[in-house]
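Working notes, structure below.
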Amino acid sequence: MAISLMDPDGLPKIDAYRQVAVATGSKLVFIAGQVAWDADGTTVGEGDLAAQVEQCYLNVAAALAGAGGSFDDVAKLTLYVVDWTPDKMPLVMEGIGRAAAALGVTPVPPGTLLGVAALDVPEHLVEVEATAVLD
């Protein structure tokens, strides 16, 4: 694997992600922000943040596979959540957990969650983008 994830001493340990990713590979993969579309472009989980997070992660996994990688190769995730408030975190974590179960992985690379006013269309509640490094 080209990515090693860690929580160095002196930084808090957070269940949802690791604080640092060390990349040693040479092929960079930049995944465009994935929204809750299925393969036909239909929104999955309209009005359901957890379902949309799950679909976004599944879409990131499909994009990674297309590039010859997996979540093991992800160095950084960025989540954009519409009208973010901290009380939405359990729904985000539920969606991540469901995607992890479906994929058989625990996607915990370093991440950033940003609140945004809106995304591409009103029914999209979240977007997830990824940067990966492959050997």
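The values are calculated or read from the model by the stated rules, or taken from the named source; none is laboratory data. Computed from a predicted structure; not experimentally measured. Backbone-built Cβ (ideal geometry, glycine too); neighbour counts: all protein chains shown. When the accessible area is computed, the model is the full protein with side chains, heavy atoms only, and any ligands, DNA or RNA have been set aside. Shrake-Rupley method; radii C 1.70, N 1.55, O 1.52, S 1.80 Å.
Please go through the range 88-103 and give me each residue that is under 10 Å from Ala50 (Cα atoms) and either free of Cβ contacts under 8 Å to residues at least 12 places away in the same chain or of a type in the set (Val, Ile, Thr) (or both), ordered by number.
Of everything in the range 88-103, those that are under 10 Å from Ala50 (Cα atoms) and either free of Cβ contacts under 8 Å to residues at least 12 places away in the same chain or of a type in the set (Val, Ile, Thr) (or both) turn out to be Met89, Pro90, Val92, Ile96, Gly97.
Tell me whether the range 24-31 contains one or more residues that are over 16 Å from Ala132 (Cβ atoms) and of a type in the set (Lys, Arg).
So far as the range 24-31 goes, no, none of its residues is over 16 Å from Ala132 (Cβ atoms) and of a type in the set (Lys, Arg).
In a helix (DSSP H, G or I), open to solvent by 60 Å² or more (accessible area, probe 1.4 Å) and of a type in the set (Gly, Ala, Ser): does that describe Ala101?
So Ala101 fits the description; yes.
Being touching a strand residue (DSSP E or B) at 6+ places or on another chain (Cβ under 7 Å) and open to solvent by less than 20 Å² (accessible area, probe 1.4 Å) narrows it down to one residue among Gly95, Gly69; which is it? So that I can check it myself, show each step before the final result.
Values: Gly95 fails: touching a strand residue (DSSP E or B) at 6+ places or on another chain (Cβ under 7 Å).
When all the criteria are applied, what remains is Gly69.
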